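The values are calculated or read from the model by the stated rules, or taken from the named source; none is laboratory data. Quantities reported herein were computed from a predicted structural model and do not represent experimental measurements. Ideal geometry is used to build each Cβ from the backbone, glycine not excepted, and the neighbour counts take in all protein chains shown.
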Amino acid sequence: MGGVQLKSIGLLASLSLAFAGCKVRTESDAASSAPAAASATPEIVSTPSNVEMVLLPGGSFEMGNAKGDDSETPVHTVSVSGFAIDVYEVTQNQLAALELPNPSQFKGDKRPVEQMRWTDAALFCNERSIADNLIPCYDEATFACNFAANGYRLPTEAEWEYAARAGTTGDVYFASSDKLVSHACYEGTSQKGTDPVGSRRANAWGLYDVLGNVAEWCQDVYSPTYYAESPKENPVGPSEGPKRVLRGGSWKSPESECRVSARGFDDSGIADACFARNYVGFRCVRNLTAEEAARLNGTDASTEE
Ligand SMILES: [Ca+2]
């Protein structure tokens, strides 16, 4: 099945690099993070491989943070089409089910995959698509993404932030930053490594470990100035560049990096021999099926007035 080869990845147990490039101010505007709408938790479906995904209707939101790092500005309105996104970070038992090697340092079936480069994550998406009889999104030579394919891919940065915010407008998706301990495995709650996924509280749309645990690869090439030029509708990032976006902070991140708008990045592994980090994982998205989109039609008010 497939032609995917996950290259052997050496353990980097002593790696102590911080969440790459994520420089943010420490002040929080969490006080303004009251939910924009008290929407019901969206529908959850199970994939043929028994992975739970949340079906999110499309919507518009204010992306970025005027009080954050320069890369988080300008705040701009973004609209995303509906999509399905994994409830949890990809777990190590999903690699086992696909008979793929497990590069993770912190072993455990229900722990998130880490030490996966962006390219490894994209190849995993293709393998999972093939296993579920879906069309793979990634060209395995160029890593170009076919957004029209019905298979799995990494979330765009806009999709990630839309799902992370779950209708909220502040730095975090709960009432105040002092609640981070109950929602996230981060520096303040763990010095030892990852948690099993879902160990803490979900956001309003039912997604776990959005902040902390493993930082999550996004589809987008990283540019600190992209927000000034981003299209409004379904932005997918700059066309090319050596870095890819990481979001949410990780088990070793300080609170200042565990924010829904904080932008991290790292080498992609496409044109470089980058290291794999023990704090980097991902979750998958896919387009809604026509039937799902029709079912959600009329409930597309989760973030709108
Ligand atoms: Ca995470």
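Of the strands (runs of 3 or more DSSP E) lying entirely inside region 222-305, not one is found with 3 or more residues being modelled with pLDDT under 95.
On the basis of being touching a residue at least 24 places away in the same chain (Cβ under 8 Å), assigned to a loop (DSSP other than H, G, I, E, B), under 23 Å from VAL75 (Cβ atoms) and not polar (S, T, N, Q), does VAL172 make the cut?
Answer is yes for this residue.
On inspection, ALA13 does not qualify as at pLDDT 50 or above, more than 26 Å from GLU233 (Cα to Cα) and among the aliphatic types (A, V, I, L, M). If you check LEU211, LEU180 for being crowded, with 21+ Cβ neighbours inside 10 Å and modelled with pLDDT of 95 or more, only one passes: LEU211.
Scan region 175-198 for residues that are under 22 Å from ALA121 (Cβ atoms) and free of Cβ contacts under 8 Å to residues at least 24 places away in the same chain and the total you get is 0.
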